[in-house]
Structure formats: structure tokens, C-alpha cells
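Structure first, commentary second.
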């Protein structure tokens, strides 16, 4: 999956490509994606709470959502009311999915009161090693219908998120802001 900046932050475009006998072919695209409200951070410059999406190449480790299962070939985890993603840089569990109760001072609820995490993808951003304060809970998830950017994720309209889940296969990667990665 490729996520590129749009004309102005937080606008973004997303696409999925497959390598075949004739080379790379786009098999899905979404022109209505949004990135972080501050756009994309330059490589290595993403910080916790900055409202920017990271630039880089990240594995897509799992799909998650509110239902018991989803139509996807990726490993899937259902979110419960006790599931949290720690965004407290002082916590030893920073940037990890944990279960409440948890002593972290700050954590993202994975089973929200809205539909943003009805379907989502967990990205292998800031995972190995985890760098406290470099950003956490970077997902691809359902877009808020009210518009505006995310806190640092990539968000897609619900129908596009469902279509993407059906197309992704284990081993898929997300390339965020590929132009920033060229040397």
C-alpha cells in the first residue's frame, strides 16, 4: 500500500500495487484518504502528539476491528472494551497493545465509541526498537465523516477500508510519503 500527500495537508491518496509478469500494477486506489492533520513528517522526525503521519516503509502486522472477524487474509484481532494502545512515552509498554487495567498515564482505547476503529490495520512503526516519544498507535483506519486529519494515522472512507482489507495479504507493507524517501 502506498500513501502519498495530497495538494494540502491532511489530504492524501492511497493505492495498492501488485507485482506481476508485466511489472507493478495498481489494483486499488483511494483519492479520499486523510493523513495526520499536520501532513507527513520527514523521515525520522515523527514525534508523539505532533499530529503528523510518519514517512517510511512499514510492515502491516495485523488487521483489527469491532467485529469478531473480518474478511481479510491478514491476522485479525477483535477489539474489546479492555484493549488499549499505550501512548505514554514513560511507560515500558509504550507503543504496545495492552489490556486494562494498565498503569500507563495515557493510552488509546481500541474499542472506541465511534466507528474510527471499526476496521483498522496495525503498522510496524516504531516497534523494533521502540523509541519513547517517536510516535505510537500508527494505524490505517476508517475516516471520520466530519473531515479533518488524524492524530498521525492514515484514514480511509469505510467502504475503501473494507475493500483494502479484502485485498491485502500477509507480508504487505505500507509506504508512507514515498517522495520523501528518495535520496
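Every read-out reported here was derived from the displayed coordinates using simple, explicitly stated rules and does not represent laboratory data. What you are looking at is a predicted structure, and each value in this text was computed from that prediction instead of being measured. Note: ideal-geometry Cβ built from the backbone for every residue, glycine included; neighbour counts use all protein chains shown.
Worth a mention:
- Rounded if a/c under 1.5, otherwise prolate or oblate - the stretch 56-152, Cα gyration tensor axes: rounded
- FRET efficiency, residue 159 to residue 128 (Cβ-Cβ, R0 25 Å, nearest 0.05): 0.15
- Divided by 2.2 N^0.38 Å, where N counts the residues, the Cα radius of gyration of the stretch 141-183 comes to 1.38.
- Distance from the C-alpha centroid of the stretch 1-44 to that of the stretch 80-134: 24 Å, rounded to the whole angstrom.
- Rough spin-label spacing in nm, given labels placed 7 Å along Cα→Cβ, for residue 17 and residue 32: 2.5
- Convex hull volume per residue for the stretch 6-89, taking Cα atoms only, in Å³: 159
- Relative contact order %, the stretch 45-137, counting alpha carbon pairs below 8 Å whose residues are six or more apart: 35
- In the stretch 2-181, Cα pairs under 8 Å separated by at least six residues give a relative contact order of 29 percent.
- Net length available on complete extension from residue 8 to residue 113 is 34.9 nm, with 0.36 nm assigned per residue and the Cα-Cα distance removed.
- Computed over the chain with a Gaussian network model linking Cα atoms closer than 10 Å, the most mobile of 168, 121, 154 is 168.
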